[in-house]
Amino acid sequence: MLKIAISERMTPRTKRRKPVFNIMLALLLMFPALAAAQQTVTGVVKDAESGEELVGVVVNIKGSTTATSTDADGKFSISVKPGVALQFRLLGYNDLERKIGANDKNITVKMSMNEQVLNEVVVEAGIIQRNKLGFTGSHSSIGKEELKAVGNTNVLQSLKSIDPAFVIVENNIAGSDPNAMPNIEIRGQSTLNLSEVQDESEATGASNMPLFILDGFEATLEEINDLDINRIESITLLKDAGSTAIYGSKGANGVVVVETVRPQPGQVFVTYNGDYSVSTPYLDVYNMMNAAEKLEFERLGGRYTQALSDQKRYYENLAKVKSGVDTYWLKEPVQVAFSQSHSATLSGGDKVLQYQAGVNYKDNEGVMKDEYRKTYGGNLKLIYRGVEGLNIMNNIFVTGSNGHSGSWGSFSDFVQANPYYSMYNEDGTIPKYLDSYSEVTTTHTAVNPLYNAKLLSRTDSKSTVITNNTNIDWTVSRDLLLRGSLSLKQSKGNTIVFVDPRDSRYDNVGYEQKGRYTSGYSTNWSYNANMTANYRKAVAKNNFTLIVRGEIEEKNNTSETFAAQGFPEGSVGYPSQSYSYLSGGRPSYSSSVVRHLTSLTAFNYNYAYRYLLDFNYNLDGATNFGTNRHFQSFWSAGAGWNVNREEFAKDWTWLSELKLRATYGTNGNMTGNYTTSSVYTYNVGNNFFGQAAKLSQAGNPNLKWQVVENLSGGVDISVLSNNLRVNFDIYRKVTDPLIVSLKQRASSGVDSYPVNLGYMNTKGYEFRINYNFINKPKDNILVGIRLTGAHNFSTYGGFNDALNYLNEAYKSENNSNMSLNSLQQFHDGNSPTDLWAVRSLGIDPANGKEIFLTKNGERTYIFNADDKVVIANSRPDIEGVVGINARYRQIQFTSTLRYSLGAYKYNSALFNKVENISYDNVIYNQDKRALYDRWQQPGDMAKFKNINVSDNASLTPVSSRFIQRDNYLRGEAFRLTWNFSSDKWIKSLHLKDLSAGVSMNDFFNLYSIKIERGIDDPFARTVSFNLYARF
Amino acid sequence: MKHNKIYILLLLLPFAFASCDDWFAGALPKDKNLEDKQFSSESDIIATLNGIYRSMSSENLYGGYMTMTAVDLLAHYYYYDSSQSAFTYFINMSNYYYAADDPKAVLANIWKEAYVTIFDINNFIHGLQNSDVIPEQKKKILLGESYGLRAFIHLDIYRLFGPQALPYNTDYEVVPHNTLPVDDYFRNIMADIDTAKILLAADPIITEGIIGTDTEGINDVPVVDVFHSYFRNFRLNYYAVRALEARALINRNQSGDHAAAAEIAKSLIALLDTGTPFHWTDTGSQYLNDYIAYSEVIFGIYNIDLHTRWKNYTDGTRAGSTYTVYEDNLQNNIFGNDPHGGAISQWPDIRSQQWVISKVRGDQYVSTKFLEYDRLSSYYPNMIDPIQNLQPLIRMSEMYYIYIEELMDEGRYDEATAELCNFLHHRGWKEQDTQPLINSASYQQVYSMLETEYYKEFYAEGQTFFFLKRTNRLGSIFNAAGTGKVSPASTPSPIPLPENEVNF
């Protein structure tokens, strides 16, 4: 288990270092350097599994009292006579002997951990630590080396390439926008999105986002996203109930546990890490017409047939095309983006006090012009190792971010601009309108997106977070460890949106309404205090561990917003320049306090680390559970079997690990809301009777919380000296009942009402296979391949007819929830990711009309939304990565390719830019296929309908033609690093370590569906160069 | 040492399992309250009832559709031009095309807001009944108002959407409601009115009148102490419940119980100028044009947006979105019975003086009914604010008309005419002005006078349409765009239940 061992904290090793130091010091004092005429052997001692340098290893000459020890880099130097043997000793490791030949000048020694220590390797579960060998939960631990081997810029992006269960849901709208936060799922979904019961103020209903834990305390997605990757020591993903039950009501979607680097005693180090990257927009996915094509499409589409003036316009436009106007609008709002990040740390200390201080800065430029996200941070970590087993650690860190996007707006505005218009007037000025003309009833206006882009509109967001974490560990005895922790956190955020008064959206309003300034300000303050007792006992071969923990937490949020309007031309958006507040507008304010109280008991028993049993119980209490029931309990039980530890397997030297495990347990999926109690909100404004309050949310006191039952099983196999490792997991999650906000009759007095209804069932599996073809640790050569894959599928049921109003919503005109073209339908037994549409047989060559298939399989020209059936599912059959890891002495290479098979996707470009081009939308540019692939005359075997758009009634509803298979193979990440640490020349630069690397992201993309990706912000290809130095 | 460990563990346990309800109870949001807290202080309780009145003053109910706009469109006050698409909404409403998009949305909004408010009332009743922080006497007043309001809104749902089976909602929990047939529906209305009457038996308005008018300063009134006793005409007081009872009886079970209604109406009219809270409006001063007849208002609501909304409705320049009354309709239909000639504003009837030429076109008029507060301020120096924002919902004139209607039913046309003339004297008519009316005492004559009276009196108050509908006169109704009567193109009766109810 090479990978896992890297990442897990070697608690015992650091603990036992103390005596080693003493011995080492004693030896050094007693035996000064020996006489010359001997050869000097230098070398480095490493951990056989993790490859980490070992500090404080006693190196002595066999049969002699001459000895030395390794320094903070694991290096040693000793004078010996050729032919003697060196003995290497370190507590927790098996003793090692190595014969020194005449040519051995520089040697690498690998020591392996002894059994006792192996038993004490922990899984970092965030709030507690579990014994790895005895633990039955499903988790994966990722060390910093593994994380950085994939990529060096964003933690979440690297995680995605490593673990198949961790999925970043692609955001086709936001694209590569550096200010957009990713949407993450671990093992698919546990709740139906429709059922989101929204809190009055926070709109944070049940979601499928996992929980993030940073150094033992809850963190936000934004904090993890902005975290400097160099600060990370390890990441553990907790996936099943066996490992997440300890998080009770918050754990249903999995937990991401991040631990930051701890300083080590020894010499003072300064490290520097720099990252410089270049991103280019990914525009190949756009397939827009050029000027001549667009005009031809308009002619064929019938844009110029209605009146005589149309003809005139055609020839005017034709003249433009002939004169060579062919504007490629797409390149205008984008840029080649240069990003950089720097981080530096200083660490050191002695046995008693260790410190680490770091600063980091990252400037992430977007591929849209005038768009960036800057983050910065600083931290100071102090560890005091006192007497009598008392350790105190304090970590204070400050992080900040500064996001900006300028006036360039949405990329799609440029995509849709017509290519036969020029961006600039002949005199170089920028026209506000590309075209504007009136027809009988309507006026068509095409705004020049460049005009709005050159204005002073902007969006700025700033945030600052200050966190102080204190841990006090007290090793009461060998068996009992007590820990108390306190975390204090204060954060502030401010978002300002300013829209320039000249913006075209204000064309038809008076000066007192032109331009708008919106400012939102939020503050959060929270504390978390907890105490843990960890007791373990071994009786013969029976090992018991009992962890009891209590936690108290409070979070306060306050936010305010206000808006002003009516700005003078040229205003940069100071609110004092405004004409007034929004007419009828009132400032908004919200404030909330959530208090949380948790107690936890985790019990583990194993027999000789062979047969494992886990039991966890969590009693969660929170204010947002409702007034009548503050507490909810969660539990899990697990069993495991380490086959390789059986007597009969003793001689199976080829088998390093074979572990079978299974867990069952419950978790909650909820964040703040008060849906069990009615809520009253104060009205804005007073009358002479004073203030007024209104019932703003009718609560359901009988509501039961969404509890997710999770059954999971898995196997971990490691054979051939760890060169082949396989992890396989299979699971089933059942959420029963769901909370559904059900629409009510108007006469009931409420719009919708939360009820317990229906269930959701998610099944899935995931696997990881690592195989090293070549592994010569002696020569530092390794070639390996890794393959991961995951699949999950959800179905729901138990709604009966309760959701039919959603299915039939298209019939009612006032309902905006669902249109005729909705791809979602709710019928028991189906999947939330099913894509529903009316089946299509294609276009009738005779008349260019679409032929549909009714539910009963009859052909018809008439579209009826009731004929919708499940066409496909948008979840892939299998998705994962295949990668190569290679190391040749100083060079390391990792490449990651993402594959996805069997998913289907609705192609909105086909729907909106090939067909469904309404007469009003002809003014915008369209997909090339609208010109080449549409039916024109009888006999045409076309994929798309009649090209004529002059008749608006011919708009196409969604049918199966627009749902396409979405298989792809993507070059997700590629990284090459060169480590110069063993080169002599770096010494002259006073460097201890130096490495440089280059990595690429999204460097190629093979796909089966021609679809527009990145609507508001295009996706990007990134090449980055990375430098790491240690002084 | 061994024992120590156990002690430490034992110390941890109570920390983890402690009863922490107090701690949880402290963590409540500041800008909103959970139900329990809302009913645990008197100031929050009265804020909740005030919130119900505030909901009623929303544009979807009595602050718009039910008074000044939608329902008055149905009564053909407002001018429209059938040939112009800008008037689509006005045309559809005036012709009762309830299935067209705009009317459908408006009616659905009225329906929804009405039932939301009723649901709030039910929750208020439930919360207040279980609360013990408010003195019993005050509690009765607040409860009485709530029951009365529930009947009031349900009655208006009937008057708009009836006669047909409708849901009567008395539940504070969210439950699906079955529709009730008309007689059951009215049984519920009358039951709520009866409850309200009992609870309001000791209403301060009966003994102390309307406190807070003329002489009482309103700026430093401690609201919590007087919430139940001040400005009773802005709340559904005891007399308002009685008037509501009369209104309910005359509508009851379609045919109505006119005699019983008139009995109540008569008893309320008798209160005028007899030392009780209500007195006739003063027509003596020509500077005082109190078009809402403040002193005759039995029940109104405080609408903080009245002034701005009224400006929005009447002050515009665009046809189709400004609510204007056509000159012919005003002069020949609504004021057609008046024996005066010349400009409208010269007539002695004070109600004719509210009309001014609109900004839309010279032959279209708008009313200054809700804009007269600055002139009134000299008369009621301390009352500027309340009068500016009073949306009248029940006035003495309605009681007068109910009484007159009963006299007609009994064939006592002369008495009916005499009573009407008596009423008109309180609207600025002199003896010589009403003299010509006395002689014409036929049913038709009295009816047409009553009809124009509703139009004149209840402009922007919504009562006219309900009167016409109750007396089955919608088939032939004043032409909003000319002289005489027209038959709307469509009169589907009743209005179909909105889609948010039927096909939600």
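If the requirement is being in contact with a strand residue (DSSP E or B) (Cβ under 9 Å, 6 or more places away or on another chain), more than 14 Å from chain A (Cβ to nearest Cβ) and small (Gly, Ala, Ser), which of these qualifies: B:489, B:481?
B:481
Which of the residues that make up the stretch A:523-545 are among the polar types (S, T, N, Q) and surrounded by fewer than 17 Cβ atoms within 10 Å (Cβ to Cβ)?
Here is the first cut: in the stretch A:523-545, the ones among the polar types (S, T, N, Q) are A:523-524, A:526, A:528, A:530, A:532, A:534, A:542-543, A:545.
Within the stretch A:523-545, A:523, A:542 qualify.
Quick one: count up the residues across the stretch A:311-325 that are surrounded by 15 or more Cβ atoms within 10 Å (Cβ to Cβ) and either among the charged types (D, E, K, R) or under 24 Å from residue A:152 (Cβ atoms) (or both).
Within the stretch A:311-325, residues that are surrounded by 15 or more Cβ atoms within 10 Å (Cβ to Cβ) and either among the charged types (D, E, K, R) or under 24 Å from residue A:152 (Cβ atoms) (or both) number 2.
Within the set of pairs 6+ apart or on separate chains, which have a first residue in the stretch A:966-977 that is surrounded by 17 or more Cβ atoms within 10 Å (Cβ to Cβ), a second that is of a type in the set (Phe, Trp, Tyr) and assigned to a loop (DSSP other than H, G, I, E, B), and C-beta atoms under 7 Å apart?
Pairs found: A:971/A:1003; A:971/A:1004; A:974/A:1003.
Out of the residues in the stretch A:586-610 that are part of a loop (DSSP other than H, G, I, E, B) and touching a Phe, Trp or Tyr at 6+ places or on another chain (Cβ under 8 Å), state the one that is surrounded by the most Cβ atoms within 10 Å (Cβ to Cβ).
Across the stretch A:586-610, the extreme among qualifying residues is A:610.
Going through A:763, A:778 one at a time, which residue ends up being more than 14 Å from chain B (Cβ to nearest Cβ), over 34 Å from the mean Cα position of the chain (by Cα) and either free of Cβ contacts under 8 Å to residues at least 40 places away in the same chain or over 30 Å from residue A:827 (Cα atoms) (or both)?
A:778
Can you list the strands (runs of 3 or more DSSP E) lying wholly within the stretch A:656-738 that have 2 or more residues being modelled with pLDDT of 90 or more, closer than 27 Å to residue A:831 by Cβ and hydrophobic (A, V, I, L, M, F, W, C)?
Counting at least 2 such residues, we get A:724-735.
In this structure, is residue A:514 more than 14 Å from chain B (Cβ to nearest Cβ), in contact with a helix residue (DSSP H, G or I) (Cβ under 6 Å, 6 or more places away or on another chain) and of a type outside the set (A, V, I, L, M, F, W, C)?
yes
Scan the stretch A:901-931 residue by residue and report those that are surrounded by 20 or more Cβ atoms within 10 Å (Cβ to Cβ), in a strand (DSSP E or B) and either among the β-branched types (Val, Ile, Thr) or in contact with a Phe, Trp or Tyr (Cβ under 9 Å, 6 or more places away or on another chain) (or both).
If the condition is that a residue be surrounded by 20 or more Cβ atoms within 10 Å (Cβ to Cβ), in a strand (DSSP E or B) and either among the β-branched types (Val, Ile, Thr) or in contact with a Phe, Trp or Tyr (Cβ under 9 Å, 6 or more places away or on another chain) (or both), then A:906, A:927 are the ones that fit.
Can you tell me which residue within the stretch A:536-569, out of those that are touching a helix residue (DSSP H, G or I) at 6+ places or on another chain (Cβ under 6 Å) and part of a strand (DSSP E or B), is farthest from the other protein chains (Cβ to nearest Cβ)?
Residue satisfying both the conditions and the ranking: A:564.
Report yes if residue A:997 is touching a Lys or Arg at 6+ places or on another chain (Cβ under 9 Å), closer than 15 Å to residue A:1027 by Cα, modelled with pLDDT of 85 or more and surrounded by 16 or more Cβ atoms within 10 Å (Cβ to Cβ), otherwise no.
For residue A:997, the condition - touching a Lys or Arg at 6+ places or on another chain (Cβ under 9 Å), closer than 15 Å to residue A:1027 by Cα, modelled with pLDDT of 85 or more and surrounded by 16 or more Cβ atoms within 10 Å (Cβ to Cβ) - is met.
Take the residues of the stretch A:446-456 that are in contact (Cβ under 8 Å) with a residue 60 or more places away in the chain and either touching a helix residue (DSSP H, G or I) at 6+ places or on another chain (Cβ under 9 Å) or of a type in the set (Ser, Thr, Tyr) (or both): which is surrounded by the most Cβ atoms within 10 Å (Cβ to Cβ)? If you could, list the steps in order and put the result at the bottom.
First pass over the stretch A:446-456, keeping only residues in contact (Cβ under 8 Å) with a residue 60 or more places away in the chain: A:446, A:449-450, A:453, A:456.
Retained after the next criterion (residues that are either touching a helix residue (DSSP H, G or I) at 6+ places or on another chain (Cβ under 9 Å) or of a type in the set (Ser, Thr, Tyr) (or both)): A:446, A:449-450, A:453.
Values: A:446: 17, A:449: 24, A:450: 21, A:453: 20.
Checking each candidate, the answer is A:449.
Got a number for residues in the stretch A:367-424 being assigned to a strand (DSSP E or B) and of a type in the set (Ser, Thr, Tyr)?
7
Considering (1) more than 20 Å from residue A:480 (Cβ to Cβ); (2) touching a strand residue (DSSP E or B) at 6+ places or on another chain (Cβ under 9 Å); (3) of a type in the set (D, E, K, R), say which one residue A:551 fails and leave the rest.
It is condition (1) that residue A:551 fails.
I'd like the full set of residues that are modelled with pLDDT under 80 and of a type in the set (A, V, I, L, M, F, W, C), limited to the stretch A:71-121.
Residues satisfying the conditions are A:72, A:90, A:91, A:102, A:113, A:117, A:118, A:121.
Taking the stretch B:36-57 on its own, how many of its residues are in contact with a Gly (Cβ under 8 Å, 6 or more places away or on another chain) and either of a type in the set (Lys, Arg) or at the interface with chain A (Cβ under 8 Å from one of its Cβ atoms) (or both)? Before the answer, list the steps.
Of the stretch B:36-57, the ones in contact with a Gly (Cβ under 8 Å, 6 or more places away or on another chain) are B:38-39, B:43, B:45-48, B:50, B:56-57.
With either of a type in the set (Lys, Arg) or at the interface with chain A (Cβ under 8 Å from one of its Cβ atoms) (or both) added as a condition, the list becomes B:38, B:43, B:46-48, B:50.
The qualifying residues number 6.
Does residue A:311 fit the bill of being in a helix (DSSP H, G or I) and farther than 26 Å from residue A:1015 by Cα? Before the answer, list the steps.
On the way: in a helix (DSSP H, G or I): yes; farther than 26 Å from residue A:1015 by Cα: yes.
In short, yes.
Inside the stretch B:105-120, can you point out the residues that are facing chain A (nearest Cβ under 8 Å), farther than 9 Å from residue A:746 by Cβ and out of contact with any Gly (no Cβ under 9 Å at 6 or more places or on another chain)?
Passing the criteria: only B:105.
Give, as residue ranges, the helices (runs of 4 or more DSSP H) completely inside the stretch B:401-463 that count at least 2 residues that are within 20 Å of residue B:298 (Cα to Cα). Before the answer, list the steps.
Details: elements: B:413-425, B:431-438, B:443-457.
In the stretch B:401-463, B:413-425, B:443-457 are the helices (runs of 4 or more DSSP H) which contain 2 or more residues that are within 20 Å of residue B:298 (Cα to Cα).
Report yes if some residue within the stretch A:611-633 is within 13 Å of chain B (Cβ to nearest Cβ), closer than 30 Å to residue A:681 by Cα, crowded, with 19+ Cβ neighbours inside 10 Å and in contact with a Cys (Cβ under 7 Å, 6 or more places away or on another chain); otherwise report no.
yes
So that you can scan it fast, the table gives a plain yes or no per residue for (1) within 14 Å of chain B (Cβ to nearest Cβ); (2) on the phi > 0 side of the Ramachandran plot:
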position: A:683; (1), (2): yes, no
position: A:687; (1), (2): yes, no
position: A:693; (1), (2): yes, no
position: A:701; (1), (2): yes, no
position: A:709; (1), (2): no, no
position: A:716; (1), (2): no, no
position: A:722; (1), (2): no, yes
position: A:727; (1), (2): no, no
position: A:738; (1), (2): no, no
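For the stretch A:882-889, indicate whether the set of residues that are assigned to a loop (DSSP other than H, G, I, E, B), touching a residue at least 24 places away in the same chain (Cβ under 8 Å) and touching a strand residue (DSSP E or B) at 6+ places or on another chain (Cβ under 9 Å) is non-empty.
Let us first name the residues in the stretch A:882-889 that are assigned to a loop (DSSP other than H, G, I, E, B), namely A:889.
Going one step further and asking which of them are touching a residue at least 24 places away in the same chain (Cβ under 8 Å), we end up with A:889.
From the residues that got through so far, the ones that are touching a strand residue (DSSP E or B) at 6+ places or on another chain (Cβ under 9 Å) too are A:889.
Scanning the stretch A:882-889 turns up at least one residue that is assigned to a loop (DSSP other than H, G, I, E, B), touching a residue at least 24 places away in the same chain (Cβ under 8 Å) and touching a strand residue (DSSP E or B) at 6+ places or on another chain (Cβ under 9 Å).
The values are calculated or read from the model by the stated rules, or taken from the named source; none is laboratory data. The model shown is predicted, which means the values in this text are computed figures rather than measured ones. So basically every Cβ, Gly included, is an ideal-geometry build from the backbone, and we count neighbours across all protein chains shown.
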